[in-house]
Amino acid sequence: MKHITHNDADLTAFGKIVDGKAIAATIRQSLKSRVKKLKEQNVIPGLAVILVGDNPASAVYVRNKLRSCAELGIASSKFLFPTDASPPDILRLIEDLNANPEVHGILVQLPLPPHFNVTDILETISASKDVDGFHLYNVGGLVVGNTVFPPCTPYGVVKLLEHERVPIEGKNVVVVGASNIVGKPMALMLMQKDATVCICHAKTRDLAQFTILADILVVAAGYPKLILAPMVKTGAVVIDVGINRLPTGQLVGDVDFEEVRKKAALITPVPGGVGPMTVTMLLENTISAAERKTAKADSISI
């Protein structure tokens, strides 16, 4: 039996619900002090958000991000375009924002309308302002452990695990979902912390034979109640990244929450788990971008 130190979570109990809102609030308090320090140097962190089309969910996400910026003292600007906007117009705007010294972070809200090449759009954003962590440079940097900005959702999951003092080194981690936004970067980030990682996806046969081995199970597949209690190891840590709206209007994750929590040591709820952390990591990346630029300017002026 592993001895549990003061640095480790007590994983002998069951059903602890991880309060992502509370953890995010704690992190944001520390971010406020960093913003204050930047303002003392006459630097205001700036985030530019580009929204194309009238996707209701995207509009809500953008509104939440801008409100969070205001709460921390981050300057934000929103650029709205109709669904039939011309891709070259968006690319020109991004180039202008890349050159704007008052803009430290650029975010293009996804998904984009079908006539856009998402890769072209994301690759146009300067890697030093790619606070979403989607630029090829930042994604590739995850492989060797020196990315400029980690993708916000996986970054938030790591922060959750750290806050709950969940040991990662040497643990079996199963990531369900192999997207470029969550699954793949999540696996890479946990590998950097010496976890043994398995990635499952839509074509994985007999998913349960993998998930049952997980000490830490991260689910980001986009299917409600994909993970049932018999698929989860007793005492596992379960991180539910999924968010699905049922016909009733209820928001649920990818995990059968009520049943799985009876077996899991820790579990994140939906909503209120990973979601608040994602936005908080966006703020963290934006502030880091401003700090990095300020430090670089100071070193040049010396």
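Residues in segment 135-160 that are over 19 Å from LEU31 (Cβ atoms) and among the aliphatic types (A, V, I, L, M): LEU136, VAL139, LEU142, VAL143, VAL144. If you go through segment 10-22 and keep only what is at pLDDT 60 or above, hydrophobic (A, V, I, L, M, F, W, C) and either part of a loop (DSSP other than H, G, I, E, B) or over 22 Å from the mean Cα position of the chain (by Cα) (or both), you end up with ALA13, PHE14, VAL18.
Residues in segment 239-271 that are farther than 12 Å from VAL18 by Cβ and hydroxyl-bearing (Ser, Thr, Tyr): THR248 only. Of the residues ILE94, ILE121, only one is in a helix (DSSP H, G or I), touching a helix residue (DSSP H, G or I) at 6+ places or on another chain (Cβ under 9 Å), surrounded by fewer than 20 Cβ atoms within 10 Å (Cβ to Cβ) and modelled with pLDDT of 95 or more; which? Going through ILE94, ILE121 in turn, the sole match is ILE121.
When the residues of segment 26-40 are filtered to those that are under 15 Å from ALA70 (Cα atoms) and in contact (Cβ under 8 Å) with a residue 40 or more places away in the chain, the one that is surrounded by the fewest Cβ atoms within 10 Å (Cβ to Cβ) is LYS32.
The residue list ASP132, ASP120, ASP54 contains one member that is among the acidic types (Asp, Glu) and touching a Gly at 6+ places or on another chain (Cβ under 9 Å), which is ASP132.
Criterion applied to VAL274, VAL255 was being touching a residue at least 24 places away in the same chain (Cβ under 8 Å), crowded, with 19+ Cβ neighbours inside 10 Å and either closer than 24 Å to ASP130 by Cβ or under 16 Å from the mean Cα position of the chain (by Cα) (or both), and the one residue passing it is VAL274. Only one of these conditions is not met by ILE300: (1) under 21 Å from ALA24 (Cα atoms); (2) in a helix (DSSP H, G or I); (3) modelled with pLDDT under 95. Which number is it? If we test ILE300 against (1) under 21 Å from ALA24 (Cα atoms); (2) in a helix (DSSP H, G or I); (3) modelled with pLDDT under 95, just (1) comes out false. Residues in segment 67-109 that are within 16 Å of ILE44 (Cα to Cα), in contact with a Ser or Thr (Cβ under 8 Å, 6 or more places away or on another chain) and in contact (Cβ under 8 Å) with a residue 40 or more places away in the chain: SER68, CYS69, ILE74, VAL103, HIS104, GLY105, ILE106. Do we have LYS225 as at negative phi and charged (D, E, K, R) here? No, not satisfied. Quick check on VAL166: is it at pLDDT below 95 and under 30 Å from LYS203 (Cα atoms)? Taking the combined requirement at face value, the residue does not satisfy it.
Scanning segment 73-112 for residues that are closer than 9 Å to LEU51 by Cα, of a type outside the set (A, V, I, L, M) and in contact with a strand residue (DSSP E or B) (Cβ under 7 Å, 6 or more places away or on another chain) yields LYS78, PHE79, PHE81, GLN109. I'd like to verify a number: residues in segment 196-213 that are under 18 Å from VAL255 (Cβ atoms), modelled with pLDDT under 95 and not small (Gly, Ala, Ser), how many? Residues flagged as under 18 Å from VAL255 (Cβ atoms), modelled with pLDDT under 95 and not small (Gly, Ala, Ser) within segment 196-213 amount to 1.
Selection over segment 168-194 of residues that are within 22 Å of VAL255 (Cα to Cα), of a type outside the set (Lys, Arg) and in contact with a strand residue (DSSP E or B) (Cβ under 9 Å, 6 or more places away or on another chain) gives a count of 13.
Figure legend. Inter-residue proximity from segment 202-222: first residues assigned by TED's automatic domain parsing to the domain that holds THR234, second residues polar (S, T, N, Q) and not in a strand (DSSP E or B), beta-carbon distance below 6 Å, spacing 6+ or different chains. Indicated pairs: LEU217/THR211. In the set (1) surrounded by fewer than 22 Cβ atoms within 10 Å (Cβ to Cβ); (2) out of contact with any His (no Cβ under 7 Å at 6 or more places or on another chain), LYS293 fails one condition alone, (2). Restricting to segment 65-90, count the residues that are surrounded by 15 or more Cβ atoms within 10 Å (Cβ to Cβ) and not in a strand (DSSP E or B). Going through segment 65-90 one residue at a time, the tally reaches 10.
The values are calculated or read from the model by the stated rules, or taken from the named source; none is laboratory data. Only a predicted model underlies this, so the values are computations on that prediction, with no experimental measurement involved. Positions of Cβ are backbone-derived with ideal geometry, glycine not excepted, and every protein chain shown enters the neighbour counts.
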